[in-house]
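Asker: Got a structure for you, questions after.
Where a number appears in this text, it was derived from the coordinates with a stated rule and is not lab data. Please read these numbers as outputs of a predicted model, since none were measured by experiment. Note that we place each Cβ from the backbone using ideal geometry, even for glycine, and neighbour counts take in every protein chain shown.
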Amino acid sequence: MLGELESNGRIVVCDLEAGLGTLLRVQAGQLDVALVVAQPTAKSIEVARRAVRIASTTSRVMLIANRVRSNADVELIREGVAWEGGDIVIVPDDPEVARADEEGLAPIDAAPNGPGVRAVEALAALLEPA
Amino acid sequence: MKIAVAGKGGVGKTTIAGTLARTLARRGNEVLAFDADVNPMLGVSLGVGSERTEQLVAVRQALDEGEAEHQPTVEGMEQAFGAAGPDGVWLLVCSRIDRADPG
């Protein structure tokens with residue numbers, strides 16, 4: 001389905017199923033950028049390490065360190081993922097984003113000026129086609 | 001351009017995807033937000049609301065159960081299983097909940 005969707009000048013943002021299943025089925029040319037999200041927990045880092053390895057064969061990969069509280073968190077993720085792709089996108093831990101999730105609200109509406117949403121806005125600028 | 005957000009469940013994938021889609025739309029891009037998660041909550045993070053998100057999931061479910069007409073084209077599917085969200089983001093739910101792997 002991802003392969004069949006036409007871009008036609010628009011941007012498709014796909015929220016994949018959790019884990020590695022869909023990534024394993026992606027073929028070359030179906031995806032431009034894979035955003036691999038990890039948080040400072042061993043399990044999520046292990047999934048991210050595998051996801052980076054798989055996605056690298058078909059598309060550009062960016063690593064996102066989410067819910068980060070310190071530089072040590074970023075380094076934990078960088079080392080655990082064995083990341084060699086340059087800058088990591090850092091999304092700071094933001095209690096207001098967590099609260100928005102709990103309440104079923106969009107963080108961009110509930111916490112637009114918080115560090116979590118600001119970091120994703122910066123990411124959008126990086127991704128936007130020239 | 002096609003962007004996919006991947007990672008372990010509970011890592012904040014959906015929240016990032018929803019916020020990213022809204023931001024890209026606000027910056028003047030036409031954006032399709034495509035929910036392929038077996039736990040389809042992208043609509044909530046986009047700001048479509050829990051109720052509307054569940055309605056869209058139900059439409060998708062009806063197709064799997066043979067109660068809705070199959071759409072012959074991708075464009076048809078986008079219309080049948082999609083809805084307009086805030087900032088003009090078009091949300092499309094394509095998860096197959098009935099085939100979800102446990103865990």
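Asker: Could you tell me which residue out of B:33, A:114, B:94 lies farthest along the dipole of the protein assembly as shown toward its positive end? Charges go on the beta carbon: Lys and Arg +1, Asp and Glu -1, centred on the Cα centre.
Answerer: My answer, from the dipole projection, is A:114.
Asker: Shifting gears a bit: Would you work out which of B:53, A:83, A:58 lies farthest towards the positive end of the dipole of the protein assembly as shown, given +1 charges on the beta-carbon of Lys and Arg and -1 on that of Asp and Glu, about the Cα centre?
Answerer: A:83
Asker: Could you sort the peptides B:41-49, A:41-49 by per-residue average Cβ neighbour count (10 Å cutoff), highest mean leading?
Answerer: Details: B:41-49: 25.4, A:41-49: 18.4.
Most protected by this proxy first, the peptides run B:41-49, A:41-49.
Asker: Around residue B:7, which amide H atoms from residues at least 5 apart in sequence, or from another chain, sit under 5 Å from its own amide H, with H modelled in the peptide plane?
Answerer: Amide H to amide H, under 5 Å and 5 or more residues apart or across chains, residue B:7 pairs with A:19, A:37.
Asker: Percent antiparallel among DSSP beta bridges with both residues in the protein assembly as shown, to the nearest 5? Walk me through the numbers on the way to the answer.
Answerer: Values: 4 of 32 bridges.
Looking only at bridges with both residues in the protein assembly as shown, the antiparallel portion is about 10 percent.
Asker: Right, another one. Multiplying the sequence separation of residue A:56 and residue A:27 by 0.36 nm and subtracting their Cα-Cα distance, what value in nm do you get?
Answerer: Values: separation 29, 0.36 × 29 = 10.44 nm, distance 1.12 nm.
So the extension gain works out to 9.3 nm.
Asker: Quote the charge dipole size of the protein assembly as shown about the Cα centre in Debye, to the nearest 20; the model charges only the Cβ of Lys and Arg (+1) and of Asp and Glu (-1). Working shown, then result.
Answerer: Numbers: 22 positive and 34 negative charges, 146 e Å.
In total the dipole reaches around 700 debye.
Asker: Cβ under 12 Å from residue B:82's Cβ, residue B:82 left aside: what net charge do those residues give with Lys, Arg +1 and Asp, Glu -1?
Answerer: Values: positive: B:52, B:60; negative: B:35, B:75, B:78.
For residues surrounding residue B:82, the net value is -1.
Asker: In a shell of Cβ-Cβ distance under 12 Å around residue A:60, excluding residue A:60 itself, what net charge do Lys and Arg (+1) and Asp and Glu (-1) give?
Answerer: Around residue A:60, the surrounding residues sum to 0.
Asker: Ignoring everything except DSSP H segments at least 4 long, calculate the 222 nm mean residue ellipticity for chain A; use -39,500 (n - 2.57) per segment, divide by total residues, nearest 500. Mind dumping the intermediate values first?
Answerer: Details: 6 runs with 56 residues, N = 130.
Only helices count here, giving -12500 deg cm²/dmol.
Asker: Charges only on Cβ, +1 for Lys and Arg, -1 for Asp and Glu: so what's the dipole of chain A about the Cα centre, in debye to the nearest 20? List each step's numbers first, then the result.
Answerer: On the way: 12 positive and 20 negative charges, 95 e Å.
The calculation lands at about 460 debye.
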